[in-house]
Amino acid sequence: MGYQAKLRVWRGDDGSGDLQDFTVEANEGEVVLDLIHRLQATQVPDLAVRWNCKAGKCGSCSAEVNGRPRLLCMTRMSIFSEDETITVTPMRTFPVIRDLVTDVSYNYTKAREIPSFTPPEDLKPGEYRMQQVDVQRSQEFRKCIECFLCQDTCHVIRDHEENKTAFAGPRYLMRIAELEMHPLDVADRRNEAQTDHGLGYCNITKCCTEVCPENIHITDNALIPMKERVADRRYDPIVWLGNKLFRRNGG
Amino acid sequence: MTEVERHSYDVVVIGAGGAGLRAVIEARQRGLSVAVVCKSLFGKAHTVMAEGGCAASMGNANAGDNWQVHFRDTMRGGKFLNNWRMAELHAKEAPDRVWELETYGALFDRTADGRISQRNFGGHTYPRLAHVGDRTGLELIRTMQQKIVSLQQEDQKRYGDYEAKLKVFAECTVTELLKEDGRISGAFGYWRESGRFILFETPAVVLATGGIGKSFKVTSNSWEYTGDGHALALRAGADLINMEFVQFHPTGMVWPPSVKGILVTEGVRGDGGVLKNSQGERFMFRYIPDVFKGQYADNEAEADRWYDDADKNRRTPDLLPRDEVARAINTEVKEGRGSPHGGVFLDIASRLPADEIRRRLPSMYHQFKELADVDITKEPMEVGPTCHYVMGGIEVDPDTAASSVPGLFAAGECSGGMHGSNRLGGNSLSDLLVFGRRAGLGAASYVESLERRPKVADADVTAAARTAVAPFDGARDGVAEENPYTLHTELQQSMNDLVGIIRKSDEMQKAIDKLAEIRRRICGVTVEGHRQYNPGWHLALDLRNMLLVSECVAHAALRRTESRGGHTRDDHPQMDAQWRNKLLVCSVADSDEVVPDVTIAAKPQEPMRQDLLELFELSELEKYYTEDELADHPERKA
């Protein structure tokens, strides 16, 4: 059942690094992370990889397998042929710390810039009433395990470091959509989505949706509806006229 | 002097799972400065893996539910060994803690009238678990993570700095608690990323480090579960109780081998799934124990009617408490009626329409499809027991979560007592919220009461740093060099095979001998490379904690000569009323050893308050208590 698999793994740190070849045993049903662990236990004890639950629930073991952003714990060896060399590299959009581990602090910075859930002031705990159909839209986005693969693949920042300041990335634009669609959130987030978080940079190529391990329809259900809401708000002729008329009064 | 980064906080919380985050929120809202230290990235803690739900007697699905019913269920589930005060606080406060999450932005599944939906689970009389599909733990973590962000945003507005009063130290491991004159003075650790040392000067530490599952080979637990909090507390002078009680969840995946142990939520059975053996028999009807006779359906027809009309029918024995179901599965497999890969079948495909299965159990559907090529809407799953939870932990004061060491608090899985000998499903997430909050309050009140703060001694810092880098020095004193991965595998195998779901005296003795051998060899553990993100080094340090807690489990298990909850002995198969009242307390002598010797001592529990005792009928109590203990019961006196 077992065979000797060929793995090419990027090793190095923020200074330099290269791809190194290994041959390691693979058994039935195994995933790429199993092989990385076997490498650690038998050949390279200090090979750095981030992981946690090994069940596709925590989103820690994000990396690129043959150039495609994936969770190492959910990538079955059976999708490759036995003689294929499998290349495992760190996520490209984030700075490397060591080997397969990257510095993902960009994401935590962006998370802090999104204004939090704003409940109605007069609603007490225990008094919240919402219908299943209404919570379902935001619930889809709350399935997100924050693996940051959508951020990694997004071309706005993948090869454009300079866009990182102005662009929150699909994960956090989806967070804005989630709050915007929360049945009880009272904040209006439409203007800031465009001006502060860079919604306009997204040109809906759906790369984020394609790599999402939770199969969240990021583009169709979060980003496009959010763009529509922004357009309604920003380009509504009556709002436009109101802004014109009352601007001088400091309104 | 060793180069060490220094920080000063009012409260340091170790662990960023449910209990830790709830403690952080409470302590910060009391105005204190708080650090939260976690081994993983922020938001990745093991709580994300909790699936089924959070138990709270809100009464949304059945108005008959209230805290007294929840309290009774919890005590029964733990076979009356629970700390009754913790069980009382837990049952009373859980609904408020769940509702509070909605004000932070949580989105639970709803009832038709717009309230929080509640689902059935093992051992709970009524549908009681607030849930979000089968990813409830993720919702809890994310909600509290986002609440912490909102507190940081408030601090940003007020102080111009997100981290002015609340900072997350992610991928940072604490290796030592420091004390002055018996009180907590600080915590020492290292950044996983750089290997650099870090010191927290703080009068109060809240341990919220979770469990010990990585001491077992087949487990649903993530790598973080190495018993760090248990070991840190022991070495700081606190006691552990109930360490012999380890919960084996009845339904873990059994195939393929690389995913063996991954959890299959009890929600599958709560939503109608049934267990079957290789002959297609729903075997659980044969395993209703005497203490639960009369409370569960004894035939399939009644069990099936119960899903629709719970008031007129008794519940299915597929939903007995986890210890009972795990033992039943174990017996079926041992007697030759198991599935092809050594488990039993869990069938939801023939019980619900495919769409409904995908809607209610999306991550189970996904998990089996992706990892095992099994479509659970078409075929049954194969499942078997997996090490899931430790009931034992740090002994704490129920109201304040304080341990016996001044300044040291504990909440969640690393604390002990709440669940007695066996935890009910759904009672963990509620435990985290109730006692996480209480630990935050307890720590805050303690800090506010101090006249002066204990100081960290330089010598302690130097010693902690020396201990941490010892694995780079190579083997000493003629001990052979050891690979940490190899030792870890041997430890897991022994605990799994010899102190697992069914225990025997001679096997436990063998495990104790093996642990003694590992104790000798652990001094030889040597790691290669440097301190920057070095997993071999990290494991070498965690391994000491795993060894220490494994010794507690094995010694306590050998001592308790009865079967109860998460402790089943082949050589003492009966529950013994003389043992109900006894707690086994683990402690270590004050020593410089990395893995100090464990001492086990028995002590009696405080008797249950009379008004709580009277919530049970005498006939039920008679199944658990000795005659003497019940002499004052009103029914006896009448």
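The values are calculated or read from the model by the stated rules, or taken from the named source; none is laboratory data. The structure displayed is predicted, hence computed values, not measured ones. Don't worry about glycine lacking a Cβ; one is built from the backbone with ideal geometry, like all the others, and counts go over all protein chains shown. Surface accessibility is based on the protein's heavy atoms, side chains included, excluding ligands, DNA and RNA. Shrake-Rupley method; radii C 1.70, N 1.55, O 1.52, S 1.80 Å.
Things to note:
- Cross-chain or 6+ apart pairs with Cβ under 6 Å, the range B:484-512 first and more than 23 Å from residue B:220 (Cβ to Cβ) and away from chain A (no Cβ under 14 Å), then at pLDDT below 95 and open to solvent by 30 Å² or more (accessible area, probe 1.4 Å): B:504/B:570
- Flag for residue B:132 being facing chain A (nearest Cβ under 8 Å), aliphatic (A, V, I, L, M) and buried (at least 21 other Cβ atoms within 10 Å of the Cβ): yes
- Residue A:114 vs. criteria surrounded by 16 or more Cβ atoms within 10 Å (Cβ to Cβ), under 24 Å from residue B:157 (Cα atoms) and among the β-branched types (Val, Ile, Thr): yes
- Summed over the range A:70-85, residues that are buried (at least 19 other Cβ atoms within 10 Å of the Cβ) and of a type in the set (Val, Ile, Thr) total 1.
- In the range A:58-69, of all residues being out of contact with any Cys (no Cβ under 9 Å at 6 or more places or on another chain) and either open to solvent by less than 10 Å² (accessible area, probe 1.4 Å) or charged (D, E, K, R) (or both), the one that is farthest from the other protein chains (Cβ to nearest Cβ) corresponds to A:64.
- Filtering the range B:598-638 to residues that are open to solvent by 50 Å² or more (accessible area, probe 1.4 Å), closer than 18 Å to residue B:577 by Cβ and part of a loop (DSSP other than H, G, I, E, B) leaves B:606, B:607, B:617, B:622, B:623, B:627, B:631, B:632.
- Considering only residues in the range B:570-580 that are touching a residue at least 24 places away in the same chain (Cβ under 8 Å) and open to solvent by less than 40 Å² (accessible area, probe 1.4 Å), the one that is farthest from residue B:467 (Cα to Cα) turns out to be B:577.
- Residue in the range A:149-167 that is open to solvent by 10 Å² or more (accessible area, probe 1.4 Å) and within 14 Å of chain B (Cβ to nearest Cβ) present: no
Table: residues versus (1) touching a residue at least 24 places away in the same chain (Cβ under 8 Å); (2) assigned by TED's automatic domain parsing to the domain that holds residue B:630; (3) more than 30 Å from residue B:610 (Cα to Cα).
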site	(1), (2), (3)
B:68	yes, no, no
B:77	yes, no, no
B:98	yes, no, no
B:101	yes, no, yes
B:106	yes, no, yes
B:109	yes, no, yes
B:112	no, no, yes
B:123	yes, no, no
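- Cross-chain or 6+ apart pairs with Cβ under 7 Å, the range B:358-369 first and on the phi < 0 side of the Ramachandran plot, then open to solvent by 70 Å² or more (accessible area, probe 1.4 Å): B:365/B:358
- Enumerated helices (runs of 4 or more DSSP H) restricted to the range A:142-251, each holding at least 2 residues that are without any contact (Cβ under 8 Å) to a residue 60 or more places away in the chain and over 16 Å from the mean Cα position of the chain (by Cα): A:170-181, A:190-195, A:224-234, A:237-246
- Residue count for the range B:590-605 satisfying the condition of being in contact (Cβ under 8 Å) with a residue 40 or more places away in the chain and acidic (Asp, Glu): 2.
- Scanning the range B:92-104 for residues that are open to solvent by less than 10 Å² (accessible area, probe 1.4 Å) and facing chain A (nearest Cβ under 8 Å) yields one hit, B:102.
- Screening the range B:291-341 for residues that are outside any helix (DSSP H, G or I) and touching a Pro at 6+ places or on another chain (Cβ under 9 Å) and picking the one that is surrounded by the fewest Cβ atoms within 10 Å (Cβ to Cβ) gives B:298.
- Residues of the range A:13-47 satisfying the condition of being closer than 13 Å to residue A:99 by Cα, in a loop (DSSP other than H, G, I, E, B) and at the interface with chain B (Cβ under 9 Å from one of its Cβ atoms): A:44, A:45, A:46, A:47
- Test result for residue B:538, open to solvent by less than 60 Å² (accessible area, probe 1.4 Å) and in contact with a Phe, Trp or Tyr (Cβ under 8 Å, 6 or more places away or on another chain): no
- Residues that are open to solvent by 10 Å² or more (accessible area, probe 1.4 Å), within 14 Å of chain A (Cβ to nearest Cβ) and not hydrophobic (A, V, I, L, M, F, W, C), drawn from the range B:222-264: B:224, B:225, B:257, B:258, B:260
- Candidate set from the range B:20-56 (those that are within 14 Å of chain A (Cβ to nearest Cβ) and of a type in the set (Gly, Ala, Ser)); member that is most open to solvent (accessible area, probe 1.4 Å): B:50
- Output for the range A:124-141, where each listed residue is in contact (Cβ under 8 Å) with a residue 40 or more places away in the chain, more than 8 Å from chain B (Cβ to nearest Cβ) and closer than 19 Å to residue A:187 by Cα: A:134, A:137, A:141
- Counted residues, the range A:73-93 - those being more than 12 Å from chain B (Cβ to nearest Cβ) and not in a strand (DSSP E or B): 8
- Residue within the range B:524-546 that is within 30 Å of residue B:250 (Cβ to Cβ), under 30 Å from the mean Cα position of the chain (by Cα) and more than 14 Å from every other protein chain (Cβ to nearest Cβ) present: yes
- Residue check, residue B:433 assigned to a helix (DSSP H, G or I), buried (at least 20 other Cβ atoms within 10 Å of the Cβ) and without any contact (Cβ under 8 Å) to a residue 40 or more places away in the chain: no
Residues checked against (1) open to solvent by 20 Å² or more (accessible area, probe 1.4 Å); (2) more than 11 Å from chain A (Cβ to nearest Cβ); (3) assigned to a loop (DSSP other than H, G, I, E, B):
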{"position": "B:69", "(1), (2), (3)": "no, yes, no"}
{"position": "B:74", "(1), (2), (3)": "no, yes, no"}
{"position": "B:87", "(1), (2), (3)": "no, yes, no"}
{"position": "B:90", "(1), (2), (3)": "no, yes, no"}
{"position": "B:106", "(1), (2), (3)": "no, no, yes"}
{"position": "B:142", "(1), (2), (3)": "no, no, no"}
{"position": "B:148", "(1), (2), (3)": "no, no, no"}
{"position": "B:154", "(1), (2), (3)": "yes, no, no"}
{"position": "B:158", "(1), (2), (3)": "yes, yes, no"}
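- Positions within the range B:486-525 being crowded, with 20+ Cβ neighbours inside 10 Å and under 17 Å from residue B:212 (Cα atoms), in sequence order: B:487, B:488, B:491, B:492, B:494, B:495, B:498, B:499, B:500, B:501, B:511, B:515
- Answer residue from the range A:94-106, given it is buried (at least 16 other Cβ atoms within 10 Å of the Cβ) and at the interface with chain B (Cβ under 9 Å from one of its Cβ atoms) and is nearest to the chain's Cα centre (by Cα) among those: A:104
- Residue identified as more than 25 Å from residue B:444 (Cβ to Cβ), small (Gly, Ala, Ser) and open to solvent by less than 10 Å² (accessible area, probe 1.4 Å) among B:185, B:215: B:215
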